[in-house]
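Input: a single structure, listed below in structure tokens.
We did not get these values from a lab; they are worked out from the coordinates using the rules stated. What you are looking at is a predicted structure, and each value in this text was computed from that prediction instead of being measured. As a convention, Cβ positions derive from the backbone with ideal geometry for all residues, glycine included, and neighbour counts pool all protein chains shown.
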Amino acid sequence: MTTRNLKSYRIGGEGIDNQSLFVYKPLPKETRIVEIDILCGHETVRLVLPRGAEILEAHPMPVLNDPEASVAASLRDPIDSPPLAQLARGRKTVCVVISDITRPVPNRVILPPLLRTLESAGIERAEMTILIATGTHRPNLGQELVDLVGEPIATGYKIINHDCRRRDTHRRIGELGGAPVEINTAYLDADLKILTGLIEPHPYAGYSGGAKSILPGLSSLETMKFMHSFKMIAHPNVTNCILDGNPFYQATRDVAALSGVDFIVNAVINKEKQPAGIFSGSLHGAHLAGCRMVGEFSVIHIKKPADLVITSGGGTPMDATFYQCGKGLLVAKGICRPGGAVIMACGCAQGIGSDTYAELVAGHRDLDEFSRMYADPRNFVMDQWAAQSYFQSLNRIGRVLVYSPGLTAEQLNPFGVQKIHDLQKEVDRLLLEYPQVAAIPQGPYVVGLTN
């Protein structure tokens, strides 16, 4: 792994570079009147900001008084679909797709009434498969699996992890943009196909949930070569909260049509990660209804880009690795002025994440150098899409500082960012250079748009 020339990014390891040397002076107390809690791993970090700071937080969402009862009701009276029990009658086998551990889906709320409904409709438990849509992520096993679905389901049902690299577990069902569409056979071979998931802003698909459970969730690495190609990720409409004209979103729908989807159960959560909405029914109708709710509560408009943006990786489980925290930077990029600064808080209890991702970022100086190599589809490699997104963020942001209990300065230096240890002190210091500040305490769960 090579080390980037940090000087070009105006940082200097754990210190301050020559272009930004000044004497630290705390803000006067009378100006420090806005208190926020930034998500960071399992904890929050209290931060005091000056008068006039833009605070981008999701509007308060209604909390479901009885979430499991709400799921059961949605199965009986779904959106644009017959009731699930009616769909299940006469089916022999079922595949229920769930998200992996990196997504805070309320599986323990969704799965019990869903599985009871299927059994009551006559499907034998032995004929049920719960398939974890890992995409390119690692499998969820052992205690992690128990944490994901709960002990009764972890020990009482057949659960398998998708593996995008195992060619023998995929079948080709079509072609997309010249690339093969290869989907997990456990899903394709089921009589009844059900997707579950979480709807939230997503930097590629516009919103997560819906057909994204199949592409990339259940797709082969060969299919990813199209879906996560340099050209796709570079498209201006492949971004948060855009569906119309978004080729990534359209591709997920096209592949879902080829694969087949009988029913979905998608959740929306509030900032405490409590269920705020359950959307069950047809793929298109239920997913769009959930996207409308997320757009109403989680998209915030501000007047102009900020000099300094304070954000997070989304807290646990989203910020388990620095790889996943790139989504927080993408959200910050959208409201940071060119050449501005971003501070990101992230737990990163599991470190950087993908070694390939780390090598891709460390091995290239900037977006132009990276593009010269990976704009050519013949050079496609795993995780290049995450590195590309990261470079796109750095291409706009002038300076990135990271507060992370789980990462050292040595781990972060190759990424062209500065590790900080005292979040409040660094914010006070940076405000002398970057006076217009905006904060996104929930990170990628909230999207800021400039008017």
Give me HIS235, HIS301 ranked fewest to most by other Cβ atoms within 10 Å of their Cβ, as a rough exposure proxy.
HIS301, HIS235
Karplus couplings for segment 273-280 from phi (6.51 cos²θ - 1.76 cosθ + 1.60, θ = phi - 60°), rounded to Hz, Gly and Pro as x?
6, 8, x, 10, x, 10, 10, 10
Quick one: which residues, 5 or more positions from ILE300 or on another chain, have an amide H under 5 Å from its amide H? H modelled 1.01 Å from N in the peptide plane, none for Pro or chain starts.
VAL447, GLY448, LEU449
Order 189-200, 313-324 from most to least packed using the mean count of other Cβ atoms within 10 Å.
313-324, 189-200
Helix 384-396 versus the longest principal axis of the chain: what angle, 0 to 90°, nearest 10, using Cα atoms?
30
Please figure out what share of the DSSP beta bridges in the chain is antiparallel and state it in percent, rounded to the nearest 5.
35
Antiparallel DSSP bridges in segment 67-269: what percent, to the nearest 5?
30
In terms of Cα to Cα distance under 13 Å, which aspartates and glutamates are near enough to LYS231, apart from those fewer than 8 places away along the same chain?
ASP376
Size of electric dipole in segment 376-451: Cβ of Lys, Arg +1 and of Asp, Glu -1, about Cα centre, debye, nearest 20
100
Classify segment 67-269 as rounded, prolate or oblate, taking a ≥ b ≥ c as the square roots of the eigenvalues of its Cα gyration tensor: rounded when a/c is under 1.5, otherwise prolate if a/b is larger than b/c and oblate if not.
prolate
The answer for chymotrypsin sites (Phe, Trp or Tyr not before Pro) in segment 240-319 that fall in a DSSP coil and have at most 14 neighbouring Cβ atoms within 10 Å is none
Taking amide H positions as placed 1.01 Å from N in the peptide plane, with prolines and chain starts having none, which residues 5 or more places from TYR403, or on another chain, fall under 5 Å of its amide H?
MET344, ALA345, CYS346, ILE420
Only Cα pairs under 8 Å and at least 6 apart count here; give the relative contact order of the chain as a rounded whole percent.
22
Of GLY210, PRO106, ILE160, which is farthest along the charge dipole of segment 67-269 in the positive direction, counting Lys and Arg as +1 and Asp and Glu as -1 at C-beta?
ILE160
222 nm [θ] for the chain, helices only, -39500 (n - 2.57) per DSSP H run of 4+, per residue, to 500?
-8500 deg cm²/dmol
Segment 248-327: trypsin sites (Lys or Arg not before Pro) in DSSP loop, at most 14 other beta carbons within 10 Å
LYS303
If R0 = 30 Å, then ARG167 and HIS301, at their Cβ-Cβ distance, give a FRET efficiency to the nearest 0.05 of 0.05
Return the long-range amide H neighbours of HIS202 (sequence gap of 5 or more, or a different chain), with a cut-off of under 5 Å between placed amide H atoms.
TYR207, SER208, CYS241
Long pairs among LYS193/LYS327; LYS273/LYS425; LYS303/LYS333; LYS304/LYS419; LYS304/LYS425; LYS158/LYS193, criterion Cα-Cα beyond 20 Å
LYS193/LYS327; LYS273/LYS425; LYS304/LYS419; LYS304/LYS425
